[in-house]
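Worksheet: one structure, shown below.
The values are calculated or read from the model by the stated rules, or taken from the named source; none is laboratory data. Note that the structure is a prediction, hence the values are computed from the model and not measured. Quick reminder, even Gly has a Cβ in these numbers, built from the backbone with ideal geometry, and neighbours come from all protein chains shown.
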Amino acid sequence: MHTPDRPPTRIGLVGGGAAAVCLLDRLSRTPGRGRGSVTVFEPSPNLWRGRAYQDDADSVLANIIPPEMGARSGEPDDFLRWLKDSGLSYGTGDYAADGYFPPRRVFGSYLEHTAENAVGELSLTGWPVTVLRTAVLGARRDGEEIELTDATGATHTFDYVVCAVGAGRPADHYGLDGAPGYVGDPYPLATTVTGIPATADVTVLGTGLAAVDAVVTLAARGHEGRITMASRGGTLPAVRQRPAFPEIHHFTPAALHATAAGTVDGRIGLTDVLDLLGRELAAHGADPATVLAELSGVDGEDPMERLRRQYAGIDTDDIGLRVMQHVVPESGPDAWTLLRPEDQDHIRSTHYRAVMSLCCPMPPANARTLLRLHDAGRLRVTGGLWNVKPLAAGGFHVAVDGDDYESDVVVNAVSAPSHRVPGPARPFVDALVEDGMGEYHPHGGLHIEPSTSRTIGAGRTHRRMHVIGDMGAGTLFFTSGMPSVLERADDIVRAVVEDLTSAPAASALAARESHV
């Protein structure tokens, strides 16, 4: 395992959430890494859990089935084994019943367990891991090395750095920060909903998974007042159907790359993607028209009627949507980066909400809660949101197309800002850009090389600077969910180890060792 003639490799991880856990675990099981050290910078109290899996209410559920949530590459059922070993029954019994999907805090405990094992393995094999509970504020190149400056003013020098800062807080689109009754960040919901009066009229800004979490948690706390979910589009997440595990033959990364290799520009068009997807769906006896109807019908269907229809179809014989939920994490990143720019723009402008709805579905238990509240007259979902203003006498005026109303409390559960740079990480990311190690992508985060997640800046790829998670969303589109994070972690660790054994890297490390 050790390579005695190679000096220790220094890796810095800026961010200590789920992505960092996947990276550490992958590194701990990768041969040829020699000796080295890892320094993790994480200023938040959610070490290894990140914002998504922090300690929170039991009503805040994971939306991926436990057999596919493992944080170890090649072992998707590792989380399910951990649940069993821990005496927890999540992931067993009826898929659609309450208690099948675990609370996200439980997955956070699993991440902590996985991180501790990886740190132990790395330390025993010549890779000590140091955790610094401080933010990184500066970054600059120093020859072949990268120098980071933390919030204490200390500097740290690394051979490789990975930006794993995660998602930011919701955007305050209407300037409501500081207004009485305004909750600017829903998480942790165990704390934020506690102070909301049970009879208050509550508006939840957003209709995505975070907004669903807010509504379900209010319901679990016995909220009696009216709840309105409001967003510009009014699109709820789809309902996750009973899982199937189809073997994918046509819509594979290899098939996508082969198609691209046969074109003049080395890219593929949307028609190529639909052709491969149609062949895959047909191979499983699914009707491609059903999937296309879900993608194109979002804007024309009442959100609650769509939810009711999808909930009724949890056990439908047509497995088209379940095939989609398998092929998107597996092949979606390859398909996206191979698409021609005009087709990417078309999807972003026309089908973004529909794709996100289908690819990030809610558990059936959450759908049941929403339907129950709606049928009792206590929940409505609306699109057309365009303004929210605090009232002088308290409460808020909410403006939606054709239906303005007043609300006592506003909970902000919209998506993170489109630039996808969390506020505390902005100085660090700005420094990367100013130094030329990166450049902002117009659709979010930083430009990266798809195959290695290396940053692109000043006209070239920087082999020692990597990005994982939402900061790569502009390039990759699909960045959320453990399968996608695991794939990126594999790419990064593979790229680092291959670079370590390359001639330029070996010479640079040798020069650094002799200088020391």
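Values computed for the structure shown
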| read-out | value |
| --- | --- |
| Single condition R306 does not satisfy, out of (1) in contact with a Leu (Cβ under 9 Å, 6 or more places away or on another chain); (2) of a type in the set (K, R); (3) farther than 30 Å from P341 by Cβ; (4) surrounded by fewer than 19 Cβ atoms within 10 Å (Cβ to Cβ) | (4) |
| Residue in the stretch 405-415 that is surrounded by fewer than 19 Cβ atoms within 10 Å (Cβ to Cβ), of a type outside the set (D, E) and at pLDDT 90 or above present | yes |
| Residue under evaluation I468, criteria (1) farther than 19 Å from L137 by Cα; (2) among the β-branched types (V, I, T); (3) touching a residue at least 60 places away in the same chain (Cβ under 8 Å); (4) touching a Lys or Arg at 6+ places or on another chain (Cβ under 7 Å), criterion not met | (1) |
| Set S89, S73: member being in contact with a Lys or Arg (Cβ under 9 Å, 6 or more places away or on another chain) and of a type in the set (S, T, N, Q) | S73 |
| Subset tally (residues that are in contact with a strand residue (DSSP E or B) (Cβ under 6 Å, 6 or more places away or on another chain) and either among the hydrophobic types (A, V, I, L, M, F, W, C) or in a strand (DSSP E or B) (or both)) for the stretch 439-455 | 4 |
| Subset of the stretch 464-497 (residues that are in a loop (DSSP other than H, G, I, E, B) and over 13 Å from the mean Cα position of the chain (by Cα)) | none |
| Complete set of residues in the stretch 262-297 that are in a helix (DSSP H, G or I) and under 19 Å from Q344 (Cβ atoms) | L270, T271, D272, V273, L274, D275, L276, L277, L292, L295, S296 |
| Residues located in the stretch 16-36, provided they are of a type in the set (S, T, Y) and either in the same structural domain as P483 (by TED's automatic domain parsing) or buried (at least 18 other Cβ atoms within 10 Å of the Cβ) (or both) | S28 |
| Count of the stretch 298-318 residues which are of a type in the set (A, V, I, L, M, F, W, C), in a helix (DSSP H, G or I) and at pLDDT 90 or above | 3 |
| Qualifying residue in the stretch 425-442 (condition: over 20 Å from L137 (Cα atoms) and of a type outside the set (S, T, Y)) | yes |
| Complete set of residues in the stretch 235-266 that are buried (at least 16 other Cβ atoms within 10 Å of the Cβ) and of a type in the set (D, E, K, R) | R240 |
| Matching residues in the stretch 470-503 - criterion: being more than 15 Å from G332 (Cα to Cα) and of a type outside the set (A, V, I, L, M, F, W, C) | D470, D490, D491, R494, E498, D499, T501, S502 |
| In the stretch 56-84, residue nearest to P329 (Cα to Cα) [restricted to those that are of a type in the set (D, E, K, R) and not in a loop (DSSP other than H, G, I, E, B)] | E68 |
| Qualifying residue in the stretch 115-122 (condition: under 30 Å from A367 (Cβ atoms) and charged (D, E, K, R)) | no |
| Qualifying position, being outside any loop (DSSP other than H, G, I, E, B) and touching a residue at least 40 places away in the same chain (Cβ under 8 Å), among A52, A97, A20 | A20 |
| Hits in the stretch 109-137 (condition: touching an Asp or Glu at 6+ places or on another chain (Cβ under 7 Å) and either among the β-branched types (V, I, T) or crowded, with 18+ Cβ neighbours inside 10 Å (or both)) | T114, A118, V131, L132, T134, A135, V136, L137 |
| Single condition V165 does not satisfy, out of (1) under 26 Å from P424 (Cβ atoms); (2) at pLDDT 95 or above; (3) buried (at least 22 other Cβ atoms within 10 Å of the Cβ) | (2) |
| Hey, L236 among the aliphatic types (A, V, I, L, M) and in a loop (DSSP other than H, G, I, E, B) or not | yes |
| Near pairs, Cβ below 9 angstrom, 6+ apart or cross-chain, from the stretch 429-452 (at negative phi and without any contact (Cβ under 8 Å) to a residue 60 or more places away in the chain) to any residue that is of a type in the set (D, E) and part of a loop (DSSP other than H, G, I, E, B) | V433/E439; H447/E439 |
| Search result, residues across the stretch 187-234 that are surrounded by 23 or more Cβ atoms within 10 Å (Cβ to Cβ) and acidic (D, E) | D213 |
| Test result for E330, of a type outside the set (S, T, N, Q), farther than 15 Å from L274 by Cα, surrounded by fewer than 19 Cβ atoms within 10 Å (Cβ to Cβ) and over 21 Å from the mean Cα position of the chain (by Cα) | no |
| Scan of the stretch 78-127 for residues that are under 19 Å from the mean Cα position of the chain (by Cα) and not aliphatic (A, V, I, L, M), ordered by number | F79, F101, P102, P103, R104, R105, F107, G108, S109, Y110, E112, T114 |
| R322 vs. criteria basic (K, R), in contact with a helix residue (DSSP H, G or I) (Cβ under 7 Å, 6 or more places away or on another chain) and either buried (at least 22 other Cβ atoms within 10 Å of the Cβ) or within 20 Å of P237 (Cα to Cα) (or both) | no |
